[in-house]
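J.: Structure in structure tokens, see below.
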Amino acid sequence: MLWLTSTLHHLFIPSHRNNFRAKLLHLDFLIVLIAAATLLSFGTGWLEKTEILGIAQDIRIEKLFQLTNEARQSQGLPPLHYSNQLAHAAENKAQHMITNNYWAHFGSGRSPWDFILASGYSYEVAGENLAKGFMFSEGVVDGWRNSSTHWANITKAEYDDVGFAVMNGALEGEETTLVVQMFGKRLAQEQPVEPKDEKQLADVGLIKPAQASGVESTAAASAVQPKGENDFVPATIKNSWQISINTLAFSLSTALFGLLLVVLLVDLVMAHRFGIVRLTGKNIAHVIFIATLIIGLYFIKNGGLIL
Amino acid sequence: MLTKRSITHKVKDDLHAHVLEYLLLFTSAMIFLLFLSLFRGQPSKQFIATSVFVLYYIVWGITHHTRDQSLHLKIVFEYILIGALAMIVLRALLV
């Protein structure tokens, strides 16, 4: 305990033991921090490239699905059912945008409705929300929430089903993560559908087993589904055990900048209290710089575009 | 008689003595945040904005201490190392 107190004192409080400057702010210690940050920066890049240990973004379909339904339920609306046909349509739309390098609801002669119909989902009413450049599922849904038109889509009472796609790719030379959300209500004669899909979703935790078994009893009605529809499992669900690189990098960045800010403030106060005069950089300037970066992290975290 | 002024006064004295320089630093910080917001969803542009801000911060530090007649190699290294640390950390998120 004494050792811990002594170490913390050495790291944070200026005294004769650390040449009257918090040890964490010494040049040699800053070099150690830079070495650790370099390891983090390039290490996370390596993890991302392996595509085994890590994924770049923390946007998960199950989370998007959950947040969308929570948003609807907050408005007194029933939750949407997950449709793999709409998910197929969303995935094809995302791939089409990446292949043809556009970011729009309508592009290269295709409309969202073309993708939905091509997936075998005959709709009475349908809609689409797009997002790109977000790091976290919450940021995507918050972005849609803050836009009246996207919010209107999420809270439209007519919709019964929803499907998502999350895809990494380059748009206009910029590596990004695309999110496509497609809504729909089937034509009356085609309901109900997708019993096997819902069982798959239950297996990966997207819906409760009780819900899945309830739909299984209508298996005879599944004839309207296109061939191969049941094979689809969203990629992010398959990879749900992976480390999220951005979550890791964001948490460590916040912790590091927060630590520096605390050390600078403690050092400033203590140096004054002990009447220490020394030749160092201006702590006030460092505090402004680090505080700006911490605020900047918020913009980076929530910095995406919706359409 | 030796008097000890409060830390608030000490900080205020420093800010008053270099009001224009701190105003420039604060303004550049606001502009940096504005660009981060404008370049939402474009991490490579956000990284360029970060690089410019870090470079400005290092130049600001050297200029400030030169005008303050307190420039020392150790201080130059301090600004460079803190700037480099910020760049490397944000690289993990933006590149």
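FYI, it's all coordinate maths here, none of it is from the lab. Given the structure is predicted, the values throughout are model-derived calculations rather than measurements. Reconstructed Cβ throughout: ideal geometry from the backbone, glycine too, with neighbour counts over all protein chains shown.
J.: Could you please state, rounded to a whole Å, how far the C-alpha centre of the range A:8-27 is from the C-alpha centre of the range A:252-300?
T.: First find each Cα centre; the distance between them is then 14 Å.
J.: Rounding to the nearest 10 and keeping the result within 0 to 90°, find how far the Cα-based axis of helix B:73-94 lies from the longest principal axis of chain B.
T.: On a 0 to 90 degree scale, this one is about 30.
J.: Can you give me the long-range amide H partners of A:I13? Hydrogens built in the peptide plane at 1.01 Å from N, cutoff under 5 Å, separation of 5 or more residues or another chain.
T.: Amide H neighbours of A:I13, under 5 Å, 5+ apart: A:K23.
J.: Here's a follow-up. Which three numbers, in whole Å and largest first, are the semi-axes of the equivalent ellipsoid of the range A:61-186 derived from its Cα gyration tensor as √(5λ)?
T.: 22, 18, 11
J.: Return one number: the angle in degrees, 0 to 90 and rounded to the nearest 10, between the long axis of the Cα atoms of helix B:19-38 and the longest principal axis of the Cα atoms of chain B.
T.: Approximately 20 degrees, to the nearest ten.
J.: Starting from the Kirkwood radius over alpha-carbon pairs of the range A:74-120, derive D by Stokes-Einstein at 25 °C in a medium of 0.890 mPa s and give it in µm² s⁻¹.
T.: This corresponds to a translational diffusion coefficient of 208 µm²/s.
J.: Something else: In vacuo Debye scattering of the range B:4-94, one point per C-alpha: log10 I(q)/I(0) at q = 0.20 Å⁻¹?
T.: -1.01
J.: Quick one: Kirkwood hydrodynamic radius for the range A:252-300, alpha-carbon pairs, angstrom, one decimal?
T.: Taking every pair of different Cα atoms in the range A:252-300, averaging 1/r and inverting gives 11.6 Å.
J.: For A:F257, A:F106, which order do you get if you count the other beta carbons within 10 Å of each Cβ and list the fewest first?
T.: The order, fewest Cβ neighbours first, is A:F106, A:F257.
J.: Could you tally the net charge around A:G133, taking each other residue with its Cβ under 15 Å from the Cβ of A:G133, Lys/Arg +1 and Asp/Glu -1?
T.: -2
J.: Evaluate the relative contact order of the range B:4-94 (contact order divided by residue number), counting alpha-carbon pairs under 8 angstrom at least 6 apart; express in whole percent.
T.: Over the range B:4-94, the number comes to 27 percent.
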